[in-house]
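One structure, as structure tokens, below. Some questions next.
The values are calculated or read from the model by the stated rules, or taken from the named source; none is laboratory data. What you are looking at is a predicted structure, and each value in this text was computed from that prediction instead of being measured. Heads up, the Cβs are rebuilt from the backbone with ideal geometry, glycines too, and the neighbour counts pull from every protein chain shown.
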Amino acid sequence: MTYDLRPLTASDRPWLRRFITEHWGAELIIIHGEQLAPAEHPGFAAFDGNEIIGLVTYAIRGDECEILSLDSLRESQGIGTSLIKSVREIALKNGCRRLCLSTTNDNLNALRFYQKRGFELVAIRRRAVEESRKLKPSIPLLGEFGIPLRDEIELEMPLSYTEHTG
């Protein structure tokens, strides 16, 4: 399968807001108790012609690059992997030492996907989703597979010095 991958631009913001709302249930997401609007952050989109088939957004803070959202609308075709690689390259170019993200305890597919791509589990924030519901009450009580949605799991991919210097 072929697709085009390109960085997001300011002109993408209107459709990005709709996409995030459709796929994440609202324009805002909650990570570490902080409300974030992924559509206002940099990222990459994968297209098949004019159809969006993948999206990643990220934030760089100091020497850390955090993936805020990742969506692949056609699984097992390398789209998510390509999007992560694009963010990783940006992180390295910006001197980041760490690429990280958070997901929830019910998201077994994401946990499998990220670990297969070199991410490691580094923290579990017990009951963090209960706190997030105070900011975003639309977060359901049950997640995928009927698993109670309650914990935030942080994963990271260390970026080594040698990668920065070639």
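With the requirement that a residue be hydrophobic (A, V, I, L, M, F, W, C) and surrounded by fewer than 10 Cβ atoms within 10 Å (Cβ to Cβ), what does region 2-19 give you?
If the condition is that a residue be hydrophobic (A, V, I, L, M, F, W, C) and surrounded by fewer than 10 Cβ atoms within 10 Å (Cβ to Cβ), then 10 is the only one that fits.
Output the number of residues of region 40-86 satisfying the condition of being of a type in the set (Gly, Ala, Ser) and under 12 Å from the mean Cα position of the chain (by Cα). Let's see the steps before the verdict.
So in region 40-86, the residues of a type in the set (Gly, Ala, Ser) come out as 43, 45-46, 49, 54, 59, 62, 69, 72, 76, 78, 80, 82, 86.
With under 12 Å from the mean Cα position of the chain (by Cα) added as a condition, the list becomes 43, 54, 59, 69, 72, 80.
Residues that pass the stated criteria total 6.
Check whether at least one residue in region 127-142 is out of contact with any strand residue (DSSP E or B) (no Cβ under 6 Å at 6 or more places or on another chain) and either among the hydroxyl-bearing types (Ser, Thr, Tyr) or farther than 22 Å from residue 30 by Cβ (or both), and report yes or no.
Yes, region 127-142 contains at least one residue that is out of contact with any strand residue (DSSP E or B) (no Cβ under 6 Å at 6 or more places or on another chain) and either among the hydroxyl-bearing types (Ser, Thr, Tyr) or farther than 22 Å from residue 30 by Cβ (or both).
If I filter region 67-99 down to residues being of a type in the set (S, T, N, Q) and touching a residue at least 40 places away in the same chain (Cβ under 8 Å), which single residue comes out as nearest to residue 20 (Cα to Cα)?
Here is the first cut: in region 67-99, the residues of a type in the set (S, T, N, Q) are 69, 72, 76-77, 81-82, 86, 94.
Checking which are touching a residue at least 40 places away in the same chain (Cβ under 8 Å) leaves us with 69, 77, 82, 86.
Values: 69: 9, 77: 21, 82: 19, 86: 19 Å.
Within region 67-99, the match that is nearest to residue 20 (Cα to Cα) is 69.
Ok, one more. Filtering region 143-158 down to residues that are within 16 Å of residue 96 (Cβ to Cβ) and either in contact with an Asp or Glu (Cβ under 9 Å, 6 or more places away or on another chain) or hydroxyl-bearing (Ser, Thr, Tyr) (or both), which residue is modelled with the lowest pLDDT? If you could, list the steps in order and put the result at the bottom.
Looking only at region 143-158, we keep the residues that are within 16 Å of residue 96 (Cβ to Cβ), and these are 154-158.
Remaining after also requiring either in contact with an Asp or Glu (Cβ under 9 Å, 6 or more places away or on another chain) or hydroxyl-bearing (Ser, Thr, Tyr) (or both): 155-158.
On the way: 155: 97, 156: 95, 157: 94, 158: 88.
It comes out as 158.
On to the next question. Give the residues of region 48-77 that are of a type in the set (S, T, N, Q) and either modelled with pLDDT of 95 or more or out of contact with any strand residue (DSSP E or B) (no Cβ under 6 Å at 6 or more places or on another chain) (or both), sorted by residue number. Talk me through it step by step, then tell me what you get.
Filtering region 48-77 for residues of a type in the set (S, T, N, Q) gives 50, 57, 69, 72, 76-77.
50, 57, 76, 77, listed by residue number.
I would also like to ask the following. Condition first: in contact with a helix residue (DSSP H, G or I) (Cβ under 7 Å, 6 or more places away or on another chain), in a strand (DSSP E or B) and over 24 Å from residue 125 (Cα atoms). Now tell me which residues in region 20-44 satisfy that. I'd like the intermediate steps shown before the answer.
Quick first cut of region 20-44, residues in contact with a helix residue (DSSP H, G or I) (Cβ under 7 Å, 6 or more places away or on another chain) only: 20, 27, 29-30, 33, 35, 38-39, 44.
Restricting the remaining residues to those that are in a strand (DSSP E or B) gives 29-30, 35, 44.
Scanning region 20-44 gives a single hit, 44.
Something else about it: Tell me, please, whether a residue that is over 11 Å from the mean Cα position of the chain (by Cα), closer than 24 Å to residue 159 by Cβ and of a type outside the set (D, E, K, R) can be found in region 9-21.
no
In region 98-114, what residues are farther than 14 Å from residue 147 by Cα and among the charged types (D, E, K, R)?
98, 112
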